[in-house]
Amino acid sequence: MQNIKLNNGVQIPALGFGVFQIPPAETEQAVIAAIKAGYRHIDTAQAYMNETEVGLGIKNSGVAREELFITTKIWVENFGYEAAKASLDRSLGRLNLDYIDMVLIHQPYGDSYGTWRALEEYQAAGKIRAIGVSNFSPVRAVDLGLFNKVMPQANQIEINPFQQKNEAVAALQAEGIAVEAWAPFAEGKNDIFHNPVLSKIGAKYGKSVAQVITRWLIERGIVVLAKSTKLERMAENLNVFDFALSDEDKAEIAKLDGTFAAIGNHDTVDNLKRIAAWKTGQ
C-alpha cells in the first residue's frame, strides 16, 4: 500500500475504506472484509452513526491496531472547545481505541476555532496522531493553522472527474495540507461507471472505471476514500498500482471537469441551515 506523508511526519495510506451510509448492522463485517481485502485505512465519523461497529470490526479483524489508520470526524453539534473534547472521549470509547490516527472537523461552520484548540490539545496528549478538516475551502483551512498552533494535516473534500478541484488541491498542497477525496466515484451519479471517456481509458489497460478514477487521484497525490460492501469491489479498488495513466488520458479526463454539478455545495445558506439542524446524538 502506498502512503502519503502528512506535514507532521505521520504516514497515511493513500487508499482508504469509507463507511458513510453503511448501516450499523453491516458495518462490522464490512470493516473486517475491507481489512481482509488489504485496506489499512478506515474512515468513519460521528455523523455516520457507526463508530461502535467500526471499533468492533477493528477488534475482530485479526490485524494489529498499529497496522491500521483510523479516521473519524467531529460533527457540528459537538463544535466548541468543551463540547469537542467531550465528544472526542465518546468517540474513543465507541471505537474502543486508546488513540485515533486522525480526527477532522467535519464541516466549515460554527465554532471551528474552539474545536480546533480541542484537537490540538488531544494531539499534544497523544490521543490523536493527526488533525485536519473536511469540506473547508483552502482559505478556511489555512486560516485555522495560521491563527492557532497547528496547520491542518489534511482536508477531505469532494473530488471526482466531474468536480476536479484543481485550484483547491494545488492551494492546499502548496501549504502542506494533504488532500483526501470523498465521493471519488460521484456516488455513482450521472452514470459515471459507464462514462465513455473513462470506460475507453479503462479498456486500454484492462481496468474498471473505478480503478481509472482511483489511479487518476493517486497520481495527483490525493488520498482516495472508496466505499463498497462487496469483497470483489474492495479488492478491485486496491488493485491500481500496476498501471499508470498517460498525459493523453489525463487530458481526456480533464475535459470532464464541471460537466455535472457538485454533490455538496458548502457555500450556500441552505446547506449551512441543513447541516446546523442535523442532530446525531453522538
Could you say whether any residue in region 142-150 is assigned to a helix (DSSP H, G or I), in contact with a Lys or Arg (Cβ under 6 Å, 6 or more places away or on another chain) and among the aliphatic types (A, V, I, L, M)? no
Sort out which residues of region 20-45 are in a helix (DSSP H, G or I) and within 20 Å of Val223 (Cβ to Cβ), and write them in order of number. Ala30, Val31, Ala34, Ile35, Ala37
Of the numbered conditions (1) out of contact with any Gly (no Cβ under 9 Å at 6 or more places or on another chain); (2) assigned to a loop (DSSP other than H, G, I, E, B); (3) modelled with pLDDT of 95 or more; (4) not charged (D, E, K, R), Asn7 fails exactly one; give the number of that condition. (1)
Across region 27-44, the tally of residues that are buried (at least 18 other Cβ atoms within 10 Å of the Cβ) and either basic (Lys, Arg) or on the phi > 0 side of the Ramachandran plot (or both) stands at 1
Taking interchain pairs and intrachain pairs at least six residues apart, which have beta carbon atoms under 7 angstrom, with the first residue in region 192-217 and in contact (Cβ under 8 Å) with a residue 60 or more places away in the chain and more than 11 Å from Leu256 (Cβ to Cβ) and the second surrounded by 24 or more Cβ atoms within 10 Å (Cβ to Cβ) and not hydrophobic (A, V, I, L, M, F, W, C)? Thr214/Pro184; Thr214/Asn237
Among the listed residues Ile263, Ile192, identify the single one that is surrounded by fewer than 19 Cβ atoms within 10 Å (Cβ to Cβ) and either modelled with pLDDT of 95 or more or assigned to a loop (DSSP other than H, G, I, E, B) (or both). Ile263
Could you tell me which numbered condition Ala178 fails, if it satisfies all but one of (1) without any contact (Cβ under 8 Å) to a residue 60 or more places away in the chain; (2) surrounded by 21 or more Cβ atoms within 10 Å (Cβ to Cβ)? (1)
Is it the case, given these coordinates, that Ala203 is surrounded by fewer than 18 Cβ atoms within 10 Å (Cβ to Cβ), outside any helix (DSSP H, G or I) and aliphatic (A, V, I, L, M)? no
Among the basic types (Lys, Arg), farther than 19 Å from Gln107 by Cβ and surrounded by fewer than 22 Cβ atoms within 10 Å (Cβ to Cβ) - does that describe any residue in region 149-170? yes
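The rows are residues; the columns are (1) assigned to a helix (DSSP H, G or I); (2) touching a strand residue (DSSP E or B) at 6+ places or on another chain (Cβ under 6 Å); (3) among the charged types (D, E, K, R).
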site	(1), (2), (3)
Glu53	yes, no, yes
Leu88	yes, no, no
Leu97	no, no, no
Asp101	no, yes, yes
Tyr113	yes, no, no
Leu119	yes, yes, no
Inter-residue pairs, beta-carbon under 8 Å, first under 18 Å from Asn155 (Cα atoms) and in region 109-128, second among the small types (Gly, Ala, Ser) and modelled with pLDDT under 95, 6+ apart: Tyr109/Ala276; Gly110/Ala276
Regarding region 267-277, can at least one residue be identified that is buried (at least 16 other Cβ atoms within 10 Å of the Cβ), at pLDDT below 95 and within 23 Å of the chain's Cα centre (by Cα)? yes
Is it the case that Leu217 is surrounded by fewer than 17 Cβ atoms within 10 Å (Cβ to Cβ) and closer than 29 Å to Pro23 by Cβ? no
For region 30-50, name all the residues that are touching a residue at least 60 places away in the same chain (Cβ under 8 Å) and more than 15 Å from the chain's Cα centre (by Cα). Ala30, Ala33, Ala34, Lys36, Ala37, Gly38, Met49
Residues being within 14 Å of Tyr48 (Cβ to Cβ) and under 19 Å from the mean Cα position of the chain (by Cα): count how many of those fall in region 84-99. 2
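The values are calculated or read from the model by the stated rules, or taken from the named source; none is laboratory data. Quick caveat, the model's predicted, so the values are computed rather than measured. For neighbour counting, all protein chains shown are included, and Cβ atoms are generated from backbone atoms with ideal geometry for every residue, glycine included.
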